[in-house]
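Trainee: My structure is below; once you've seen it, I'll send some questions.
The values are calculated or read from the model by the stated rules, or taken from the named source; none is laboratory data. Since the structure is predicted, the reported quantities are computational estimates derived from the model, not experimental observations. In this analysis, Cβ positions are derived from the backbone assuming ideal geometry, glycine residues included, and neighbour counts consider all displayed protein chains. Heavy atoms of the whole protein, side chains included, go into the accessibility calculation; ligands, DNA and RNA do not. Shrake-Rupley method; radii C 1.70, N 1.55, O 1.52, S 1.80 Å.
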Amino acid sequence: RAKERTGNQYQVYSDDIDTDSLMKIKLENELFKALEREEGFVLHYQPKVDMRTQEVMGMEALVRWEHPSYGLLPPREFIALAEETGAITKLGRWVLKEACRKRKEWYDLGFKAMVMSVNLSPQQLSQRNLVETVSGILEDTGLKPELLELELTENLIIHNTKQTVATIADLKRLGVQISIDDFGTGYSSLAYLKDLPVDTLKIDKSFIDDITNNSAITDTIISLAKNLHLHVIAEGVETKEQAQCLHKKGCHLIQGYYFSPPIPADAFLDRISTIISER
Ligand code: C2E
Ligand code: MG
Ligand code: MG
Ligand code: MG
């Protein structure tokens, strides 16, 4: 045993690992079961607001797992596991379909212009049949492609090569929009940007947090977006000061707790009606 060989500390460490990996195997099994039955997952929606008009321009779908014993789990508790085990492909497909279905439902209620954003994991983007999957889901749900936006992370784009660029171009040809999530947190090379048919840069929350003290990175991203004729949106905006600061700088699209946290579908409909009537 580790205890005899390396002393007490290692023993403790080793026990922790055992407990952790048991927990992980348990969670992994439960994740697969939930995916098998397509139950237990739920999407919350967070509005994206245009500061110029206070209009809700769209929303981001964010997945949660209603775990039988742990309650509602946020993505950080299971997305990495889903990626490690390959379950993300199935989960991602469920998220995409559910988000498109819900957006079509709202469209039929009269909300014609809002764009639904869905996060794609690196593994989904490297899947050969991603474009077919997306177009199949759009067909099945009857959602117009221009009402769907896919959020990709910066690192995933830089790590990948010709195939990634080709896939993104194919997705664009379908008519869906592409945004780069958590922008500014990846590698600093910007050369890749000019070859990618993306629509929007999403400034990472970390730069928004202290924007009222230090806005150097945010300023740079805003002017980069302007020069490349891309849209720009800020995530993680929590205060009125941050929102007004961004608005003044020319970043008019805002997402964050300042307007609303991510909330269930029904609450989202109520919330956007309130934001619209507050105009
Ligand atoms: P993200 O795509 O960057 O999403 C933004 C995260 O910031 C969300 O966390 C959201 O709840 C949180 N947030 C938004 N506004 C504020 C704010 O004003 N203050 C603070 N403190 N937080 C704010 P969430 O829902 O826990 O999701 C975390 C990450 O998990 C997402 O980051 C995304 O990378 C990933 N994720 C969520 N849903 C999916 C999914 O369906 N598929 C994949 N592949 N990843 C997902
Ligand atoms: Mg996102
Ligand atoms: Mg983000
Ligand atoms: Mg983020």
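Trainee: Quick one: in segment 98-125, which of the residues that are of a type in the set (D, E, K, R) and crowded, with 19+ Cβ neighbours inside 10 Å is nearest to ligand 1 (Cβ to nearest atom)?
Mentor: In this case the residue turns out to be Glu98.
Trainee: Let me ask another. Need the failing condition index for Ser206 against (1) at pLDDT below 95; (2) open to solvent by 20 Å² or more (accessible area, probe 1.4 Å), just the number.
Mentor: (1)
Trainee: Just one of (1) open to solvent by 30 Å² or more (accessible area, probe 1.4 Å); (2) more than 30 Å from Tyr107 (Cβ to Cβ); (3) assigned to a helix (DSSP H, G or I) trips up Leu193, so point out which.
Mentor: Among (1) open to solvent by 30 Å² or more (accessible area, probe 1.4 Å); (2) more than 30 Å from Tyr107 (Cβ to Cβ); (3) assigned to a helix (DSSP H, G or I), Leu193 violates only (1).
Trainee: Would segment 56-75 turn up any residue that is in a helix (DSSP H, G or I) and among the charged types (D, E, K, R)?
Mentor: No, segment 56-75 has no match at all.
Trainee: Also, quick follow-up: Looking for something touching a residue at least 40 places away in the same chain (Cβ under 8 Å), assigned to a helix (DSSP H, G or I), of a type outside the set (Asp, Glu) and under 30 Å from Phe111 (Cα atoms) - is there at least one such residue anywhere in segment 142-160?
Mentor: Looking for residues that are touching a residue at least 40 places away in the same chain (Cβ under 8 Å), assigned to a helix (DSSP H, G or I), of a type outside the set (Asp, Glu) and under 30 Å from Phe111 (Cα atoms), one finds at least one in segment 142-160, hence yes.
Trainee: Restricting attention to segment 67-118, which residues are within 16 Å of ligand 3 (Cβ to nearest atom) and of a type in the set (A, V, I, L, M)?
Mentor: Ile79, Ala80, Val95, Ala99, Val115, Met116, Val118
Trainee: Here's something else I'd like to know. Every residue in segment 76-94 that is assigned to a loop (DSSP other than H, G, I, E, B) and either surrounded by fewer than 16 Cβ atoms within 10 Å (Cβ to Cβ) or within 10 Å of ligand 1 (Cβ to nearest atom) (or both), please.
Mentor: Once the filter is applied, which keeps residues that are assigned to a loop (DSSP other than H, G, I, E, B) and either surrounded by fewer than 16 Cβ atoms within 10 Å (Cβ to Cβ) or within 10 Å of ligand 1 (Cβ to nearest atom) (or both), segment 76-94 yields Phe78, Gly86.
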